[in-house]
Amino acid sequence: MNRKLRLKASVIDYLEGALFIAPWFIGFLVFMAFPLGYSLFMSFQKVTITATSSSTQFVGLTHYRYILFENGKHSL
């Protein structure tokens, strides 16, 4: 009744590869993917910061319209 569990070589290779890439993948998610996604999300918001709290209001493409069409007219 004393049997050891033996894994196939392909499963061991897969696990080794996953463990090798895991630190890079976690670092990418924490330091690149989440901040990029959150900044994209926040670019569609109007943020109001007060002494006690902060609030956001969805404004859609308003900021992008201003940057591309309204603000660019005066630069020439």
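Any read-out appearing in this document is the output of simple, stated calculations on the displayed coordinates, not a laboratory observation. On a predicted model such as this, the values are computed, not experimentally measured, just so you know. Positions of Cβ are generated from backbone atoms using ideal geometry, with glycine treated the same way; all protein chains shown enter the neighbour counts.
Values for this structure:
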item	result
Fully extended contour minus Cα-Cα distance, from LEU19 to PHE31, at 0.36 nm per residue	2.4 nm
Principal-axis tilt of helix 9-28 within the chain, Cα atoms, nearest 10 degrees	20
Exposed-site-free run, longest, the chain (rule: trypsin sites (Lys or Arg not before Pro); DSSP loop; at most 12 other C-beta within 10 Å)	9-76
Rg [Å, one decimal], Dmax [Å, integer] - the chain, C-alpha atoms	24.4, 84
Fluctuation leader among LEU15, LEU29, LEU40 - the chain, Gaussian network, Cα springs under 10 angstrom	LEU15
Contour minus Cα-Cα distance for PHE58 and PHE41 (0.36 nm per residue)	5.2 nm
